[in-house]
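The values are calculated or read from the model by the stated rules, or taken from the named source; none is laboratory data. A quick note: this is a predicted structure, and the numbers were derived from the prediction, not measured. Note that we place each Cβ from the backbone using ideal geometry, even for glycine, and neighbour counts take in every protein chain shown.
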Protein chains: 4
Amino acid sequence: MIVVMKSSATDEEVAHVIKRIETVGLKGHLSQGVERTVIGVLGQTFLELRDMLEMLPGVDEVVPISKPYKLASREFQPEDTVIRIGDIAIGGEEVVVMAGPCAVESEQQLLETAKAVKAAGATILRGGAFKPSTSPYHFRGLGEQGLEFLAQVKKEAGLPIITEVMSPSEVELVASYADILQIGARNMQNFDLLEEAGKTRKPIMLKRGLSATVQEWLLAAEYILSQGNPQLMLCERGIRTFETYTRNTMDISVIPVIEKVSHLPVIADPSHGTGKWYLVTPVALAALAAGADGIMVEVHPNPDQALKDGAQSLTFDNFQQLMSQLRPIVAAVGRRLAAPSVKVRS
Amino acid sequence: MIVVMKSSATDEEVAHVIKRIETVGLKGHLSQGVERTVIGVLGQTFLELRDMLEMLPGVDEVVPISKPYKLASREFQPEDTVIRIGDIAIGGEEVVVMAGPCAVESEQQLLETAKAVKAAGATILRGGAFKPSTSPYHFRGLGEQGLEFLAQVKKEAGLPIITEVMSPSEVELVASYADILQIGARNMQNFDLLEEAGKTRKPIMLKRGLSATVQEWLLAAEYILSQGNPQLMLCERGIRTFETYTRNTMDISVIPVIEKVSHLPVIADPSHGTGKWYLVTPVALAALAAGADGIMVEVHPNPDQALKDGAQSLTFDNFQQLMSQLRPIVAAVGRRLAAPSVKVRS
Amino acid sequence: MIVVMKSSATDEEVAHVIKRIETVGLKGHLSQGVERTVIGVLGQTFLELRDMLEMLPGVDEVVPISKPYKLASREFQPEDTVIRIGDIAIGGEEVVVMAGPCAVESEQQLLETAKAVKAAGATILRGGAFKPSTSPYHFRGLGEQGLEFLAQVKKEAGLPIITEVMSPSEVELVASYADILQIGARNMQNFDLLEEAGKTRKPIMLKRGLSATVQEWLLAAEYILSQGNPQLMLCERGIRTFETYTRNTMDISVIPVIEKVSHLPVIADPSHGTGKWYLVTPVALAALAAGADGIMVEVHPNPDQALKDGAQSLTFDNFQQLMSQLRPIVAAVGRRLAAPSVKVRS
Amino acid sequence: MIVVMKSSATDEEVAHVIKRIETVGLKGHLSQGVERTVIGVLGQTFLELRDMLEMLPGVDEVVPISKPYKLASREFQPEDTVIRIGDIAIGGEEVVVMAGPCAVESEQQLLETAKAVKAAGATILRGGAFKPSTSPYHFRGLGEQGLEFLAQVKKEAGLPIITEVMSPSEVELVASYADILQIGARNMQNFDLLEEAGKTRKPIMLKRGLSATVQEWLLAAEYILSQGNPQLMLCERGIRTFETYTRNTMDISVIPVIEKVSHLPVIADPSHGTGKWYLVTPVALAALAAGADGIMVEVHPNPDQALKDGAQSLTFDNFQQLMSQLRPIVAAVGRRLAAPSVKVRS
């Protein structure tokens, strides 16, 4: 942490800042340049210190110089995190494809979709039983019955499943069904939920909040990791900007950014990231070209009948086309597609 | 809901859209202009229909024309909602001032602050017992002990209290202490929490999410109102933009916008809205000039020692100055300051 | 400028950075903390140096600690800039009201409006002769004829005029008619235009760009000031955010921010800032409560017939009401309304 | 254009709206649904009409249903625009790589870079002679001498050149040297410049403004096209969001969006789009996977000595690596890399 003094700061003010730093057990190191006097804080700083020092007379600004996340950082763990789900490894050389309906609507809809996406090459089945909805008057998922359909279809189709958990009190229930727990964008800073999920021993996928910075996202990850659960992957699903043509703006550059500053795998969700089915394939290809460890896409037998997010869902045909366009891209970046799992963890 | 067809749409495609509308029990009304063919949907539409129709061949876009919130709308309830807490009325002619520390740190800190803000004219005491923190390693509040300090100080200082609730499972506990339940920006779309709070009979203050649109905010309000709790006020606390000088960008215009489209009172929080103590007073005055029903500000005996948000907290002196500058503004807009309550609800 | 080294940086890398700093004639000052090694750059740094140092091996980031603008800064000139236009002073105790049609449409429309706004208390007449338009197919102003109407009405109504200049080659022409040259938001970084305007000796009003930071805005101001023209005022007219209810989001907090970091007067434009006539008055009052030195509002005899921006224009009646609500706010912040000028500079 | 009436609108108000529509020579078509009364406007509408109608009593909102751009739209011209520069075709099957220094610093720097990027497979040489700079105190390019160096190096290296023009009065000069005129992000709505460039017969590359919507971008394109110059390509270079890790946020999805709504080629600029050299390659690959017709990247012999944008510039080695990673991606999307031109237009 570095304290930049105003050009008008007096010697007394400088001395006062150094004294204040010492009262919290740290040391101030004075550096007088031509531009400004700056004071480096030596020792283990803490976030609150910034506010404390910024209040002092003569201080212009306080600049933190170390990252507030630790366990999620590449500095802390240089090697990539690789998460194993049965035969599938996420975060290694393989690229995974998670596909399925936005919401579980019926066992038949789910099973039909599961078979179709598996046949096309998907490795993990997605489907929401508990669904967030901006309006209280809309479809919010089948709840526990949806989980049971997921369990049934998992067996029949032989695909591990990822599904969303929305409340701390439901973590245990959802974890008893899911292979991967998904935490949605709107819950990225639901800290109780993060900690509860971190207490399970299930792999977790943490979506980026609609207007979350990289640092906030990794601090949310830190909530999970610090509970002792290292099986964490991140998911970029678009951020909110002024642009209204797309539902969100997919931040492709965050994929290599995360790869640089963190060891956690990154999945891309072009369905929510764009909100329009005809943009899903090009943006999925872009994400993989940029280094994503996998993609998550919404597929529905009849998008125009879907109870949720039909406009961004692919038909079975469209999904098959996506898969055929995706293979050469995966090869071009020197990776390979994870094969659909035969045996799954029961 | 209006379906705009592509200029290249065929008669068959138009007929197909009308037929699809009829399958959900509604009626399509054709309107052929020079620019485009449009089909108006007659009957009670639902959000999912938009996606369903947008998928159909020949459709360019689907434009919803009715607002998705109902109970929160001015159309539904033309007269202003006025919330009574003891002698204080929020949303009427009076303007309320909520003040206190960001976080409850000790009984003494709270009591001292309560007395100072009451003496200066505040009507409600704020103070967080459960505190959201972007990092798991920072101070997250005293929890239940903080609530007890609040209860104690409420009695001693004679001020009703507002405090935050962060988890559905803690609603009952917090409601047993608080006069007003606060739901924070990061929880604006924590739907379980909204419903749980809506089940209490306590007044609620719902903060706007960091990147929430007016419509999303009112839909979150709808979650609370639809549980039968009409004692709801909204709180603008700044939105996220590209500007980095301020912590957030206070959206002052949302105050008259809410007044136009909704009957709910609006409070302004210039402390979080700006992040800098020296901007709190001018932005508080601006909010009241724009029609806010009250303000919420952070006050601390020693901001440079605060465990949280010191940089945006006012000293007692600064708060007194704010109050003296605020009175003529309140008068200028034809309102009056709520008097500190003598009796409080126990 | 401070160079923060990676925690993995070697002694050689540190030495190399210091040497690089010395090659540009500056000095590096080493500070080794527990967290990180940092190197302070002593001497007059320059922006390009940041990029140069950030490239070097072992460097994590480079943090500039001095502001890149000088002439516009409060540090450079502690006292407020006050601009005189005839009897009117902008930036002092008085508050100015600039009002008039978005675009000059005819001499009669302009004269009628000028008389109405003057009668209601406006001090300066606004009206665009050259109008920016996002589409090449829409009304783009009357051009030089519009300037002549402005000159004529200025004489008849006795109000100084402000009008926009859009191109470097038209600066001389517009300056020969206008009392204040307005540079629009879309031209905030039209650097040739800024310099050309800076060469005149006319007062200038520089609008903030749609997504300009405070620093970029003040650097644009610096382009004008560095040409020797100190008669500069700034104008906040709303920034672009995700919110779509309003045309832009008025950044009220930027008014006290500018007052803190700069000596230049700030005007608020709630017409463009909101895009809706019924939001103009509350946001105008807010701006003045926050310390704005004046407001600029669009007024039209028949907004529903306006060739441009009718939806955000006030009728004569609405403007009169704004003025009557504005007076007590101006008094509440200890200022007074500038009186309409009797004599104007010819 | 569709006029949505308030639910409280009276028959008189509806009749008044229809009458107003008729006064501008159009026809109103009434459609009374259960939700709301809507009036469709039949005939060729114009943007100003929206404001005019939105002002009328009883009107809730006015929804435009046709796009305001015409010449730039895919509806107007279904086939792709292909621009030929010597042997190179932009917008067809080939993918072009434009590379070179941000700013021309010397003939030697430019020639050395030109040879290196050509050897690695670049097809067009970029280099700025006139450089926009946010600060008046920084390097702003060599001006006409920079153009002469470009002309010289074009001959020696055998690469066509693209360079920026910043002012309407310099269009003729720059066009006499450049093979492609570049219009920068800050000038996207410098309407005089757009028209002046549209009057030349040179290919033009129009960058997207920092906070420009797709519609505004295409309307800016319309300014050029409507002057009779159809040789226009667009360039995505990142938009402004709340994220500060990257200089801008590259909007990859805009590439397939433009491909859908327009016939104009799209180039991606990952150097400005990210601001960090180590993000350039992954984001360049992403852009090509998403369907970009080319990329533009900054390359410098010694990025840490660059006078401008060193932090986002690639070394010769890094550029070579980019090219080798790019080839398989280009093949994977079924396209081929344009070969460096042997003969160039003199």
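Quick notes on this structure:
- Filter result for D:I295 (within 18 Å of the chain's Cα centre (by Cα), within 20 Å of D:V96 (Cα to Cα) and either among the acidic types (D, E) or within 14 Å of chain A (Cβ to nearest Cβ) (or both)): yes
- Candidates D:L307, D:L288, filtered to the one that is at pLDDT below 95 and in contact with a strand residue (DSSP E or B) (Cβ under 8 Å, 6 or more places away or on another chain): D:L307
- If you go through the range B:258-301 and keep only what is touching a helix residue (DSSP H, G or I) at 6+ places or on another chain (Cβ under 8 Å) and assigned to a loop (DSSP other than H, G, I, E, B), you end up with B:L264, B:G275, B:K276, B:A290, B:G291, B:A292, B:H300, B:P301.
- Any hit, the range D:324-334, residues being at pLDDT 95 or above, touching a helix residue (DSSP H, G or I) at 6+ places or on another chain (Cβ under 9 Å) and not in a helix (DSSP H, G or I): yes
- If the condition is being in a loop (DSSP other than H, G, I, E, B), within 13 Å of chain D (Cβ to nearest Cβ) and within 11 Å of the chain's Cα centre (by Cα), then the range C:219-257 contributes only C:G238.
- When the range C:29-57 is filtered for residues that are farther than 22 Å from D:D309 by Cα and part of a helix (DSSP H, G or I), nothing remains.
- Flag for C:A290 being in contact with a Pro (Cβ under 7 Å, 6 or more places away or on another chain), assigned by TED's automatic domain parsing to the domain that holds C:G121 and hydrophobic (A, V, I, L, M, F, W, C): yes
- Condition check for C:A114: away from every other protein chain (no Cβ under 12 Å), surrounded by 24 or more Cβ atoms within 10 Å (Cβ to Cβ) and over 30 Å from B:T249 (Cβ atoms): yes
- The listed residues are A:V214, A:V254, A:V266, and the only one of them that is without any contact (Cβ under 8 Å) to a residue 40 or more places away in the chain and not charged (D, E, K, R) turns out to be A:V266.
- Flag for A:S106 being modelled with pLDDT of 95 or more and either assigned by TED's automatic domain parsing to the domain that holds A:M233 or of a type in the set (G, A, S) (or both): yes
- Within the range C:1-55, being buried (at least 16 other Cβ atoms within 10 Å of the Cβ), touching a residue at least 24 places away in the same chain (Cβ under 8 Å), out of contact with any helix residue (DSSP H, G or I) (no Cβ under 8 Å at 6 or more places or on another chain) and among the small types (G, A, S) holds for C:A9, C:G40.
- Residue that is farthest from the other protein chains (Cβ to nearest Cβ) [pool: residues in the range B:271-288 that are farther than 28 Å from D:L210 by Cβ and in contact (Cβ under 8 Å) with a residue 24 or more places away in the chain]: B:S271
- Within the range A:298-319, the residues that satisfy the criterion of being closer than 19 Å to A:C235 by Cβ and either among the polar types (S, T, N, Q) or over 21 Å from the mean Cα position of the chain (by Cα) (or both) are A:K308, A:Q312, A:S313, A:L314, A:F319.
- Residue within the range A:113-136 that is among the basic types (K, R), within 20 Å of A:A306 (Cα to Cα) and either in contact with a Cys (Cβ under 9 Å, 6 or more places away or on another chain) or outside any helix (DSSP H, G or I) (or both) present: yes
- Residue in the range B:299-322 that is β-branched (V, I, T) and buried (at least 20 other Cβ atoms within 10 Å of the Cβ) present: yes
- When residues in the range A:32-53 are screened for being more than 36 Å from the chain's Cα centre (by Cα) and at pLDDT below 80, 5 of them pass.
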